[in-house]
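Here the structure comes first, spelled out in structure tokens, and everything after it is commentary.
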Amino acid sequence: MKLGGLQGLRRSLTAQISVSIAVISILLVAGSGLLVNFLAVRELREGDELIMFANLALLREDLTVADFELTHEPQRLVKRMNLQLGNLNMVLLDEHRRVIAASENFEVPITALPAQAMSVDNLPTGIEHADVRALGKALGPLTTVWVSPDQRRFRLLFARIPVPPDSLAGPDTHGLLVAFAYELTQTRQLVMSELQIFVVTLMVGALGAGLLGVWIARRIVAGPRRLAAAANRISARPMSERLSLVDTPTELVESTLAFNRMLDRLAASFHRLSEFSSDLAHDLRTPINNLLGEAQVALSKRRCADEYRAVLESAVEDYERISRLIEKMLFLARADDPHAATRRLWIDLHPVLERASGYFEMLADERGVEIVLATPGTEAPVRQQVWADETLLVRALGNLLSNALRYAPHGSKVTVATHMHDGGGCTLEVSNDGPPIPQELHERIFERSFRVDESRAGSATGSTGLGLAIVKSIMDLHGGTASVISGMGRRTMFRLWFPGPGSAAAVQ
């Protein structure tokens, strides 16, 4: 149960803030109370000592005026002090500790007095707090505490008053001993009352600090709770709501903006996924409808073997188109896997480019387009190499050539160029004189099923809209980039950058 409570405290932000505020408040109140109590006790002790030293100075002055007449004067002085201060009692002794005069309520045994008496030769007449503190620093503890059998406490001041040799006390009397006993019952009651008030204050303060901590904690976590409530209201359809910044705490503004940006990306992804699903359904519906229509016509009446064969041969084209579409979808699904591995090695570019151009040579001839390789040959002083997976490289290059040939005008050229960079990087460029791509569509051109001209979608061009998306996925697997440069009277160029083996982008 105890472990569960600690885990709950660690997991609850409200509990942590409340407990922290309560503990800090208790420590502050307790520290302040202890400091006040210490200062109060010191002030009371110094006050008691001031009273005793003041009476000691007055007693010394009165004895000096009476020329230390010890027969009647001590009794008068003791009686006067008892009338003025009931809690202060005194005893006057000779040097052999024989009682000369004593208060009736002086209860401290003579044997309990300190062994050494403090000398007051330089004690000023008008003594103040500063004088008492100066004496304490110079002589050490000025008083002691004696506890009676009934547990009453008395503060004792034991001092020696020098006697002049020519006084009435006689030449044999060189000094008198005086002991003051100040009962601390009232002082102790005052200290205990202060301690009780301190304890009650501490308990009330702890309770108030705890309640205040809970209130402050709830105010602090109100912002995150509002964010959580707003996030719970957001669903995939529609995903138009965003977290408001009006009442958001300053510390959570950046988190709120980041969450809203994430929602924007999710909304865009959902939109693209919806469009992709719609385009995919359209691309599958056309060949499937063709196959279904041909099959229904073929089965509408009995036909000879040659007629059935013609129907099957006609369906092969649609089957091949569906197969290509499914294969591309599977490739994109595998490329989306962050753990997908590539087998990269150094590849000579010139043979790869020649094979690719030879593969598309017949298609280029049909369209009246020429494929030009603007790259150094094998006799070049620096070999043109790229650090890549050969299978994926050939596929990306084939998709770019297929796309360039599809939109290149009759009698134009499709150019393939390569550029080497420091560190082993390589740029591959495929360009044509096809229609320019608007600047605002450059980022979307590599999205799945995206077509610049929707009128060209469908079977008319034989495009599934996934070729450039596959190129982008291949470059992501290599840690490279795919971009398009078009418009402003320039040729439309698709540029692929492959990082070298030493580049951080190439490390998977």
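Please treat every number below as a calculation from the coordinates, not as lab data. Predicted model only: the values in this text are computed from it and were never measured. Please note: Cβ atoms are built from the backbone with ideal geometry, for glycine as well, and neighbour counts cover all protein chains shown.
Mind giving me the FRET efficiency for R219 and V199? R0 is 35 Å, r the Cβ-Cβ distance, nearest 0.05 is fine. Mind showing how you got there, number by number?
Working: r = 30 Å, r/R0 = 0.86.
According to the calculation, E is roughly 0.70.
For V23 and A229 in one chain, what is 0.36 nm times their gap in residues minus the Cα-Cα distance, to one decimal in nm?
Answer, rounded to one decimal: 71.0 nm.
Between Y359 and I288, what's the calculated FRET efficiency when r is the beta-carbon distance and R0 is 41 Å? Round to 0.05.
0.90
May I ask you to derive the FRET efficiency for D306 and T427 from their Cβ-Cβ distance with R0 = 35 Å, giving the value to the nearest 0.05?
Rounded to the nearest 0.05, the efficiency is 0.05.
What percent do you get for the relative contact order of region 37-140 when only Cα pairs under 8 Å and 6+ apart count?
Dividing the mean separation by the residue count of region 37-140 yields 33 percent.
Can you work out ³J(HN,Hα) from phi for every residue in region 20-25, in order, using Karplus 6.51 cos²θ - 1.76 cosθ + 1.60 and θ = phi - 60°, giving whole Hz and x for Gly and Pro?
Along region 20-25, the couplings run 4, 5, 5, 5, 4, 5 Hz.
Taking 0.36 nm per intervening residue step and subtracting the Cα-Cα distance, what contour gain separates D150 from T185 on full extension?
Gain on extension, D150 to T185, equals 11.4 nm.
Please give the length that would be gained between M192 and I110 if that part of the chain were fully extended, namely 0.36 nm times their separation in residues minus their C-alpha to C-alpha distance (nm, one decimal).
26.5 nm
Once the cut-off is 22 Å, how many percent of the Cα-Cα pairs in region 153-233 end up in the long-distance tail?
Considering region 153-233, 67 percent of its Cα-Cα pairs are separated by more than 22 Å.
Work out the charge dipole of region 137-194 with +1 on the Cβ of Lys and Arg and -1 on the Cβ of Asp and Glu about the Cα centre, then indicate which of L168, V147, L190 is farthest towards its positive end.
L190
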